[in-house]
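Q: Encoded as structure tokens, here's the structure I'll be asking about.
The values are calculated or read from the model by the stated rules, or taken from the named source; none is laboratory data. These figures come from a predicted structure and were not determined experimentally. Cβ placement follows ideal geometry from the backbone for every residue including glycine, while neighbour counts extend to all protein chains displayed.
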Amino acid sequence: MPSFAEHLQAVRATIREIGPRALVAQLAQAPITLIDVREPHEWASGIIDGALCLGRGHLESRLAELQPAADAPIVLYCAAGGRSVLAVKSLIAMGYTDVASLAGGVQGWQAAGLGLVQPGGLSHAQKVRYGRQLLLPEVGEAGQLRLLKSRVLLVGLGGLGSPVALYLAAAGVGTLGLCDGDVVDRSNLQRQIIHTTARTGQPKVESARQALQALNSDVQIEALAQHLTAANARSLVAGYDVVVDACDNFATRYLLNDACHFEKKPNIHGSIHRFTGSCTVLWTMRGGPCYRCLYPQAPAAEAFGSCSDNGVLGVLPGLVGVQQATEVLKILLEIGEPLLGRLSMVDALSGASRLLRVRRDPNCALCGNKPVLHDVQEPLDSCAVVNKSFGEV
Ligand SMILES: [Zn+2]
């Protein structure tokens, strides 16, 4: 039987190794999946920037969960370049074709004058990308890490959802769920700025995914090319920290409102009508009103004109969507005062903005003292709504 050293030597001869400086050069040119296969207690002394800490024990199963392509470039490293050689052999046996071991491991890396970073912190690339908001003491590295771990669901990828998605992705919100069953239409492009002429006809979630991934590869996109229904609303909402109501019809709005109430999630509501926009945070868990408190009934569509007949200036959903994105970031970072119990209204023509006080209605069918709604229900197909009068803040 060969000694361990002889076995290692024999395996090393069958795999590819890469030196520290060559790895730096490759990392500068193209993304590489860099994996630390040391034991968890070894990570505390520092890891190579951008590495995934998967360890050796569950390497194969954890890598399979990440679903890299069979020909994706992968580099493994350990402390001195021995364990990673054996791990490379295992990944090749699984069918990965472009796997290498870092020669000399972390010791070789440091001997080449290259530094390590603390695991769980921001990578160098992230410190550069988010540098302007890291400078804000209200955000800082802890806030940025919190954003990167956050999950936000956007319902609607139209005029409101476009700026919300772009700004949240740019800010480094780690996971964005995109729910929209429509396809991009040429008539959308006047205000739905996440889509492009070349992507007309594509599902909106796929068009948005392309835009967001091109903007920031830190962000995981969960594309849900479906309409919100009573059957899927609660389970969808339950999987996220914050929900953004960026939909364009009252039926979906009531359904989303009810799902957020039952799942105790904050619902960042935005809506537009001609030259007027409004934004508020509906969060019954925190004592605020729900959408039904504000608009108890959705009367017949003819009372208000149909949604698509009213027309809208393209910048207006931009104004409101940016405010919605702002509210999301405030809630995720736990800074400032959310628009809870307050409705922000902007009139694009006069330039005036107002804050109206809105309160929970004790007689609300959903969140009142004697609720009659105990689960989500298939929404009525209605566009218009009668609102109560609100007092100015
Ligand atoms: Zn209510």
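Q: Which members of the range 105-120 meet the condition of being surrounded by 15 or more Cβ atoms within 10 Å (Cβ to Cβ), within 19 Å of L54 (Cα to Cα) and of a type in the set (G, A, S)?
A: The one that is surrounded by 15 or more Cβ atoms within 10 Å (Cβ to Cβ), within 19 Å of L54 (Cα to Cα) and of a type in the set (G, A, S): G105.
Q: Please work out which residue is surrounded by the most Cβ atoms within 10 Å (Cβ to Cβ), limiting yourself to the range 121-159 and to residues that are in contact with a helix residue (DSSP H, G or I) (Cβ under 7 Å, 6 or more places away or on another chain), hydrophobic (A, V, I, L, M, F, W, C) and over 30 Å from G181 (Cα atoms).
A: L122
Q: Continuing with this model, one more query. Sort out which residues of the range 213-256 are among the hydroxyl-bearing types (S, T, Y) and under 20 Å from A298 (Cβ atoms), and write them in order of number.
A: T229, T252, Y254 - these are the residues of the range 213-256 that are among the hydroxyl-bearing types (S, T, Y) and under 20 Å from A298 (Cβ atoms).
Q: Would you please list the contacts, defined by Cβ atoms under 7 Å and residues six or more apart or on different chains, that run from a residue in the range 208-235 that is more than 24 Å from D185 (Cβ to Cβ) to a residue that is surrounded by fewer than 16 Cβ atoms within 10 Å (Cβ to Cβ) and modelled with pLDDT under 95?
A: Here the result reads A230/Q377; A230/E378, each pair linking the range 208-235 to a residue that is surrounded by fewer than 16 Cβ atoms within 10 Å (Cβ to Cβ) and modelled with pLDDT under 95.
Q: Take the range 1-42 and flag every residue that is loosely packed, with under 11 Cβ neighbours inside 10 Å, aliphatic (A, V, I, L, M) and in contact (Cβ under 8 Å) with a residue 12 or more places away in the chain.
A: Hit for the range 1-42 is A30, nothing else.
Q: List the number of the failed condition for R209; all other conditions in (1) over 27 Å from L329 (Cβ atoms); (2) touching a strand residue (DSSP E or B) at 6+ places or on another chain (Cβ under 9 Å); (3) part of a helix (DSSP H, G or I) hold.
A: (1)
Q: May I pose another question? So how many residues does the range 80-99 have that are part of a helix (DSSP H, G or I) and closer than 18 Å to A13 by Cβ?
A: So the answer is 11.
Q: For the list (1) part of a loop (DSSP other than H, G, I, E, B); (2) crowded, with 18+ Cβ neighbours inside 10 Å; (3) hydroxyl-bearing (S, T, Y), I need the number of the one condition that S45 fails.
A: (2)
Q: Among the residues of the range 286-309, write down those that are at pLDDT 95 or above and over 17 Å from R357 (Cβ atoms).
A: R292
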